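Enquirer: What follows is a structure written as structure tokens; I'll ask about it next.
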């Protein structure tokens, strides 16, 4: 299946005509919408703005999407699918014993830091796209909140599984696994969204370091 695209005319008499497959056309529309949302904001962007960037007519866009919100949902679903796929195919947890002479707590904190880095990297594999979508879509009929809820469920379930394995291996003490998983995911989410709101770079290594220390030793001094 192909869809006709009319590009800008080379002269007043001729037009360059190219064809795109249905999937290629759909992806082009999404890329142009993302650019428009990032520059103008979701609410200020119109269907006409997206069509102008994609150099297509409205009728072509409506073959793939019912309205502007439908375009946004498709962008968000793309992020969700990538995260779910990455979680399903990520490197599985390995629980090694501490090297001889290395304190068990230090080894455990390094283990937790590595896992935090892994999860944050999964979610923000394409940080620029994720950042733009989350900023552009605030207030868009709750669609962002719904997506974040689904992402939370995927990540929380995976963290719970790893916590249980770590408890069995003696790396983590007995604890309320669902509570701890939700506590840390909620905290990390707030930190990340604050960085996006303030347009600050997302320092995954620093976030993971602080989260691991907080989980490993809390906030109290050693004495």
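The values are calculated or read from the model by the stated rules, or taken from the named source; none is laboratory data. Computed from a prediction, not measured in an experiment: that's the story for all the values here. Note that each Cβ is placed from the backbone with ideal geometry, even for glycine, and that neighbours are counted across all protein chains shown.
Enquirer: Can you spot a residue in region 43-55 that is within 23 Å of the chain's Cα centre (by Cα), buried (at least 18 other Cβ atoms within 10 Å of the Cβ) and within 18 Å of residue 143 (Cα to Cα)?
Expert: Within region 43-55 (the criterion being within 23 Å of the chain's Cα centre (by Cα), buried (at least 18 other Cβ atoms within 10 Å of the Cβ) and within 18 Å of residue 143 (Cα to Cα)), the answer is yes, since at least one residue qualifies.
Enquirer: Just to be sure, is residue 164 more than 24 Å from the chain's Cα centre (by Cα) and in the same structural domain as residue 131 (by TED's automatic domain parsing)?
Expert: Numbers: more than 24 Å from the chain's Cα centre (by Cα): yes; in the same structural domain as residue 131 (by TED's automatic domain parsing): yes.
When the stated conditions are applied, residue 164 passes them.
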